[in-house]
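Chemist: Once you've had a glance at the structure underneath, I'll fire off some questions.
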Amino acid sequence: MSTRKFAAVAVGMTLALSLAACSGGGAGETEDDGAAGGGTEETEGGLIGVAMPTQTSERWIADGEAVKSGLEEAGYEVDLQFAGDDIPTQSQQIDQMITKGAELLIIAAIDGTALSGQLQAAADAGIPVISYDRLIRDSDNVDFYVTFDNYEVGVQQATSLLVGLGLLNADGSEGTATGPFNVELFAGSLDDNNAHFFWQGAIDTLQPFMDEGTIVVKSGQTDIEQAAILRWQQETAQKRMEDLLTSAYNDGSVVQGVLAPYDGISRGIITALQNAGYGSGDKAMPIITGQDAEIASVKLIADGVQYSTIFKDTRKLAEQSVVAAKAYLAGDEPEANDTETYDNGVKVVPSYLLESDIVYADNINSLLVDSGYWTAEEVASGVSE
Ligand code: BGC
C-alpha cells in the first residue's frame with residue numbers, strides 16, 4: 001500500500017484545526033499549564049501518542065501511517081511507535097509519550113492486560129485513551145474503542161470455510177457437499193481479546209456441522225487453548241500444523257480444511273502443508289481461511305492456494321480513531337455505535353464498530369483493487385509497492 005492512499009484518506013477527513021487549536025489538555029480540565037509542553041516542540045494541535053504492536057504484519061504499519069497522516073492533517077503532532085511485539089517495549093513507549101506531554105493516546109496493545117501502570121498515569125494526567133482495534137482489558141482507564149465487529153469476523157472466516165468445502169453456498173444457502181471433512185482449527189494469541197471473539201464467532205458457526213459429524217477435527221484439538229498461536233506468529237503456526245500432520249494424519253487421511261484466523265498464520269500452515277506434499281499430485285490443498293487481506297495472501301488466493309481472507313479496511317479504522325481523537329480534544333464525547341459488547345472486565349467500553357468483508361478469488365478486484373487498497377500490479381506480484 002502506498003502512502004498516496006493514506007494521504008487521500010486523510011484529505012477526506014474533516015479538518016478541525018480550529019477545534020484542535022483550542023483543545024487544551026483534552027478531557028482533563030487541569031491541563032492549562034500546557035500538557036503538550038514537556039520537552040516536545042508544541043504545535044497548534046498538541047501531541048498525540050500512537051502505539052502500535054508490531055511491524056512484522058503489514059496491517060499495523062498501514063494502520064500506524066494512516067492514523068498519523070490523519071492526525072497530522074488535522075493539525076496534531078504525532079509520536080508513532082511500534083513495539084516489535086515486545087510488551088516491555090510498548091509499556092516504555094507509552095511512558096515516554098506521557099512524559100513528552102501527549103494529550104491523547106491511541107493504543108493497539110500487544111497484551112490487552114499489560115498496560116495498567118501506563119493507563120493509570122494517563123488517567124492521572126487527564127489523558128484520554130482510545131483502544132485501537134484490540135480492547136485494553138481489566139482497566140477503568142480506557143475511554144473509547146474503535147474496532148471491527150470481531151465476532152462477525154469469526155463468523156465470516158467459518159462461513160468462507162464452509163463455502164470452500166461446499167457445505168454452504170456463498171449466499172448462505174445449503175451446499176451440495178455432504179462430507180465428512182477433516183478440518184483443523186487455529187486461533188490467535190490468547191492475550192489479544194480479539195482472538196477470543198474471532199474464535200467464538202467461528203466456533204458458533206461450525207458447531208452444528210461438528211455436532212452432526214460433517215466436520216471432523218481429527219486431532220481432537222477443539223479448545224482455544226490448544227488452537228492458539230502466541231503473538232499470531234507464522235513460524236509457530238507452521239510448527240503446530242507440522243505436529244498435527246504427524247500426530248493425526250499419519251494413517252493416509254488428509255486435511256481438507258483449516259480455520260486460520262490471520263493471513264500470517266495461514267501462510268505458516270500452507271508452508272507446512274506444501275512440505276508434506278499438499279497442493280501437488282492428488283493431494284489437494286485444503287480450504288484455508290485468513291484475515292487482513294495481506295498482499296502475499298491475496299496473491300495466494302488469486303493463485304488458488306489460500307481460499308479466503310477477511311478484508312478489514314484499516315483506512316476506515318484509522319479515520320474513526322481520528323474522529324474520536326478530535327472529539328475528545330474538542331471536549332466532546334465521540335459517537336459510539338455499540339455500548340454493550342465490549343466489557344473489558346471492569347466496564348463496558350463504548351465502541352465504534354466497522355464492518356468487514358470476505359475476500360474470495362472472484363471478488364479481489366471489486367473489494368481490494370477498485371477500492372484502491374491494493375493495485376492490480378501488487379495483487380499480481382504479491383508485494384506491496
Ligand atoms: C487484529 C487482526 C490481526 C491480528 C494479528 C488482531 O488483533 O484484529 O486484524 O490479524 O491481530 O495481527
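The values are calculated or read from the model by the stated rules, or taken from the named source; none is laboratory data. Only a predicted model underlies this, so the values are computations on that prediction, with no experimental measurement involved. All Cβ positions, even for glycine, are placed from backbone atoms using ideal geometry, and neighbour counts span all protein chains on display. Ligands, DNA and RNA are excluded from the accessible area calculation, which covers all protein heavy atoms including side chains. Shrake-Rupley method; radii C 1.70, N 1.55, O 1.52, S 1.80 Å.
Chemist: Dipole size in debye (nearest 20) for the chain around its Cα centre, Lys and Arg Cβ +1, Asp and Glu Cβ -1?
Modeler: Using only the charged Cβ atoms, the result is roughly 1100 debye.
Chemist: To continue, here is another question. Take every DSSP beta bridge with both residues inside the chain and express the antiparallel ones as a percent of the total, to the nearest 5.
Modeler: Antiparallel: roughly 20 percent of the beta bridges in the chain.
Chemist: Based on the Cα coordinates of the chain, what is the per residue volume of their convex hull in Å³?
Modeler: Output value, Cα hull per residue: 131 Å³.
Chemist: Pull up the cross-link candidates among the lysines for residue 283, meaning alpha carbon to alpha carbon under 26 Å and not fewer than 8 places away within one chain.
Modeler: In chain and number order, the partners are 218, 239, 299.
Chemist: Within the set 68/312; 68/326; 68/316; 312/347; 68/100; 100/312, which residue pairs have Cα atoms separated by over 22 Å?
Modeler: Long pairs (Cα-Cα over 22 Å): 312/347; 100/312.
Chemist: Follow-up question, since we're still on this one. If I compute solvent accessible area with a 1.4 Å probe over the protein chains, what percent of it on the chain is carbon and sulfur?
Modeler: About 47 percent, which is the carbon plus sulfur part of the accessible surface.
Chemist: Next question, about the same structure. Rolling a 1.4 Å sphere over the protein heavy atoms, what is the accessible area per residue of segment 96-248, to the nearest Å²?
Modeler: 36
Chemist: Quick check: the angle from helix 314-329's long axis to the longest principal axis of the chain, C-alpha only, nearest 10 degrees?
Modeler: 30
Chemist: If you roll a 1.4 Å probe over the heavy atoms of the protein chains, what accessible area per residue do you get for segment 274-385, in Å²?
Modeler: Averaged over the residues of segment 274-385, the accessible area is 43 Å².
Chemist: Let me ask you something else. Between 97, 241, 210, where does the largest GNM mean-square fluctuation fall for the chain, given springs only between Cα atoms within less than 10 Å?
Modeler: Comparing 97, 241, 210 in the GNM, the peak value goes to 210.
Chemist: In the Gaussian network model of the chain, springs joining C-alpha atoms below 10 Å, which of 54, 246, 289 carries the largest mean-square fluctuation?
Modeler: 246
Chemist: Placing +1 at every Lys and Arg Cβ and -1 at every Asp and Glu Cβ, with all other atoms neutral, what dipole size does segment 98-170 have around its Cα centre, in debye to the nearest 20?
Modeler: Roughly 200 debye, rounded to the nearest 20.
Chemist: With an 8 Å cut-off on Cα pairs and a minimum separation of 6 or more residues, tell me the relative contact order of segment 278-385 in percent.
Modeler: 29
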